[in-house]
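Visitor: What follows is a single structure, and I will ask about it in a moment.
The values are calculated or read from the model by the stated rules, or taken from the named source; none is laboratory data. What you see is a predicted model; the values in this text were computed from it and never measured. Positions of Cβ are generated from backbone atoms using ideal geometry, with glycine treated the same way; all protein chains shown enter the neighbour counts. Accessible surface is based on the protein model in full, side chains and every heavy atom, while ligands, DNA and RNA are left aside. Shrake-Rupley method; radii C 1.70, N 1.55, O 1.52, S 1.80 Å.
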Amino acid sequence: MRFEITRLDDVDGTAVDSTVVDVASVKRIVQQAAATGQRIYIRPAESPAS
């Protein structure tokens with residue numbers, strides 16, 4: 001499964017950038033964001049059309 005992680009602006013919460021990662025990378029990214037106080041939004045990535 002893949003997830004889209006969007007980094008949010010610290011002031012107004014608008015999306016700054018986003019990336020799609022595999023499930024193995026989510027834990028590392030969440031831990032890094034928590035350690036630095038960064039705001040992120042995580043949701044399942046849309047599957048490509050078959």
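Visitor: Of all residues in segment 24-45, which are touching a residue at least 12 places away in the same chain (Cβ under 8 Å) and open to solvent by 90 Å² or more (accessible area, probe 1.4 Å)?
Guide: Selection gives Arg39, Tyr41, Arg43.
Visitor: On to the next question. Output the number of residues of segment 12-23 satisfying the condition of being among the hydroxyl-bearing types (Ser, Thr, Tyr), surrounded by 10 or more Cβ atoms within 10 Å (Cβ to Cβ) and farther than 21 Å from Met1 by Cα.
Guide: Number of matching residues: 0.
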